[in-house]
Amino acid sequence: MGDQQDKDALYDVLVEAAKAIGNGRRAQLIDVLAQGERPVEELAAEIHQSMANTSQHLQRLLRAGLASSRRSGTRIYYSLASPAVERLWRALRETAETHAGELGELVRAYVGDRADLSTITRDDLLLRLRQGDVVVLDVRPQPEYDAGHIPGAISVPLSDVKSRLREVPRGGEVVAYCRGPYCLFADEAVRLLTDEGRTAARLEEGFPEWKAAGLPVEQSVT
């Protein structure tokens, strides 16, 4: 039978995982790593931090068992330790959105008014893909598309949407998706497409939620 000291130690270890997530920059890293493996220099650019600061945050996630790393040549790549980490992050996000009133206000301030955007659910998109009457754009950075994407999706990073518009097939609705509910890439892509006279909608969530739901996923061959 365990004593109180053992019980305290057990709960202290559990809390270490919470402490590791309890930092805005590390939470952003988890959000990006939910898309797939990335090298440290790209992660630093994504969260607008120095390489040194980003490495420190990543080491904290590694010590807590929430991330893993591998070396390839001179580059170090990081990924989430398992799908459970992404589930933990999603549960934390959803709980805070439900119970922390301030967060809801911050989310609205950050993402803006989405009332002018058409949206589509995962189930509806899956049906439309089977019917073949929709064009799907992955507007995340190319490495995230390569790591995993919705089958049949065309990789057109947000910065390229306007210049590559001619590559987007006409004759059907365009659905854009990105990283998740806090990602604005798809919002901006839909507005750009709509301004160009295209019928476009935003996937309600993002690729991590699609993958977590057990829906089909493809990876690029490298």
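Calculated over the stretch 97-184, the projected area of the Cα convex hull averaged across directions stands at 7.2 nm².
Contact order for the chain, expressed relative to its length and based on alpha carbon pairs under 8 Å spaced 6+ residues apart, stands at 18 percent. In terms of its C-alpha gyration tensor, the stretch 88-137 has an oblate overall shape, because the principal axis ratio a/c (a ≥ b ≥ c, square roots of the eigenvalues) is not below 1.5 and a/b does not outweigh b/c.
The value given for the chain is a Kirkwood hydrodynamic radius of 19.0 Å, derived from the mean inverse Cα-Cα separation. Each Cα pair under 8 Å and six or more residues apart adds its separation to the average, and for the stretch 87-160 the resulting relative contact order is 20 percent. Heavy atoms only, probe 1.4 Å: what % of the accessible area of the stretch 1-131 goes to carbon and sulfur, would you let me know? Its accessible area is 51 percent carbon and sulfur atoms. Taking every protein chain into account, the accessible area of the chain amounts to 55 square angstrom per residue (probe 1.4 Å). Taking amide H as placed 1.01 Å from N in the peptide plane, T199 has its amide H under 5 Å from the amide H of V174, each at least 5 places away in sequence or on another chain. Under a straight-distance cross-link criterion of Cα-Cα below 30 Å, which lysines are reachable from K162, leaving out those fewer than 8 residues away in the same chain? Counting by Cα, and skipping residues close in sequence, K162 has these lysines nearby: K211. When the Cα convex hull of the stretch 6-97 is projected onto planes of every orientation, the mean area is 6.5 nm². Amide H contacts of V136: I154, V175, each under 5 Å away and 5 or more positions distant or on a separate chain (H built 1.01 Å from N in the peptide plane; Pro and chain starts excluded). Per-residue packing, averaged as other Cβ atoms within 10 Å, sorts the ranges 119-125, 31-37, 69-75 into the order 31-37, 119-125, 69-75, beginning with the highest. Taking the helices alone, the chain has a mean residue ellipticity at 222 nm of -15000 deg cm²/dmol, built from -39,500 (n - 2.57) per DSSP H run of at least 4 residues and averaged over all its residues.
The values are calculated or read from the model by the stated rules, or taken from the named source; none is laboratory data. In this text the structure is predicted, and so the values were computed from the model without any measurement. Positions of Cβ are generated from backbone atoms using ideal geometry, with glycine treated the same way; all protein chains shown enter the neighbour counts. Remember, those area values only see protein heavy atoms, side chains included, never the ligands or the DNA or RNA. Shrake-Rupley method; radii C 1.70, N 1.55, O 1.52, S 1.80 Å.
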